[in-house]
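Engineer: Quick one: structure below, then a few questions.
Computed from the coordinates by the stated procedures, all read-outs in this text should not be read as laboratory data. None of these values were measured; they are calculated from a predicted model. Quick reminder, even Gly has a Cβ in these numbers, built from the backbone with ideal geometry, and neighbours come from all protein chains shown.
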Amino acid sequence: MKYIFTLSIILASSLASGQDFKNSAGLRLGKTDGVTYKRFLNDNGAIELLLGFGGHEKGLQLYTTYQWHEQIPARFTENLYAYWGVGGHVGYVRPTTTRSYYENDSTVVSDTEKRTYYTIGIDGVLGLEYRIFTVPMTVSMEVKPYFEYYGLRYTQFRFWDFGFIVKYIF
C-alpha cells in the first residue's frame with residue numbers, strides 16, 4: 001500500500017512539473033460540432049484546426065484560427081486562460097429549402113429541395129480555457145462568430161456559435 005501511495009505521489013508530481021505543452025486534441029460540442037487540434041507556436045500563440053460538421057447547414061468545414069492566450073490571474077488557480085483569435089474556413093453546406101405555392105388555385109403544394117454549395121468564410125473566437133495537468137486535459141467554453149459566403153449568392157453571419165471543448169494535452 002505504501003508503494004502504491006509513493007508511486008502515485010511521484011507520478012502526480014511529474015505530471016504537475018510538466019505543465020508546458022505544445023499540442024492538444026479533442027472534441028468540440030455546440031452549434032458546430034467537430035474534432036479539434038491545437039499547436040502552440042510560442043508561449044501565447046497557437047494555431048487551431050477544427051474539422052466541423054453539423055452546424056453550418058449540415059455541411060463539413062475545415063476551420064483554422066490563430067489564437068492568442070493570456071493567463072487570467074485568479075486566487076484559486078493558475079491554470080485559467082482567456083483566448084481570442086481570427087481565421088477562416090472552407091467547406092461545403094447542404095441547406096434545405098422549402099417553398100410553398102398554390103396549384104390549381106386551391107391546393108397548397110410544398111416543395112423541399114436540398115442542394116450542396118461550396119463555402120468560404122471568416123471566423124473569430126473568444127473563449128476561456130482551464131488546464132488540468134494532473135489528468136492531462138483542457139476544458140474550454142467559447143463563442144465563435146463567423147461570416148460565410150456560399151453558393152455564389154448567399155451570405156450568412158452568426159455571432160452565437162457557442163461551444164464546449166474537451167481536449168487531451170500532449
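Engineer: Less than 24 Å apart at the alpha-carbon level, and either on another chain or at least 8 residues along: which lysines does that give for K114?
Structural biologist: Reachable lysines: K31, K58.
Engineer: Follow-up. Given charges of +1 on the Cβ of Lys and Arg and -1 on the Cβ of Asp and Glu, with all other atoms neutral, how large is the dipole of the chain about its Cα centre, in debye to the nearest 20?
Structural biologist: Values: 17 positive and 16 negative charges, 85 e Å.
With only Lys, Arg, Asp and Glu charged at Cβ, the dipole is about 400 debye.
Engineer: Would you calculate the separation in nanometres between label points at L80 and I120, each defined as 7 Å from the Cα along the Cα-to-beta-carbon direction?
Structural biologist: 4.1 nm
Engineer: State the dimensionless ratio Rg/Rh of the range 16-90 (Rg: radius of gyration of Cα atoms; Rh: Kirkwood radius). Could the numbers behind the result be given before it?
Structural biologist: Details: Rg = 14.1 Å, Rh = 13.7 Å.
Value, to two decimals: 1.03.
Engineer: Okay, next question. Please list, in order, the residues from the range 44-86 whose amide nitrogen is less than 14 Å from a point placed 7 Å along the Cα→Cβ vector of R94.
Structural biologist: Within reach of a label on R94, which here means backbone N under 14 Å from a point 7 Å along Cα→Cβ, the range 44-86 contributes 53-61.
Engineer: Further question on the same structure: Which loop trypsin sites (Lys or Arg not before Pro) in the range 98-163, with loop taken from DSSP, have no more than 13 other Cβ atoms within 10 angstrom of their Cβ? Show your work: numbers first, answer last.
Structural biologist: On the way: sites: R99, K114, R115, R131, R153, R158; in loops: R115, R153.
The qualifying sites are R115, R153.
Engineer: Mind checking the full-extension length gain between W160 and E70? Use 0.36 nm per residue of separation minus the Cα-Cα distance, one decimal, nm. Kindly include the intermediate steps, with their values, before the conclusion.
Structural biologist: Working: separation 90, 0.36 × 90 = 32.40 nm, distance 2.25 nm.
Gain in length upon complete extension: 30.1 nm.
Engineer: Let me ask you something else. For Cα extents along the principal axes in Å, pick the label among (i) 56, 30, 28; (ii) 72, 39, 26; (iii) 86, 36, 27 that corresponds to the value derived from the coordinates.
Structural biologist: Matching the structure shown: (iii).
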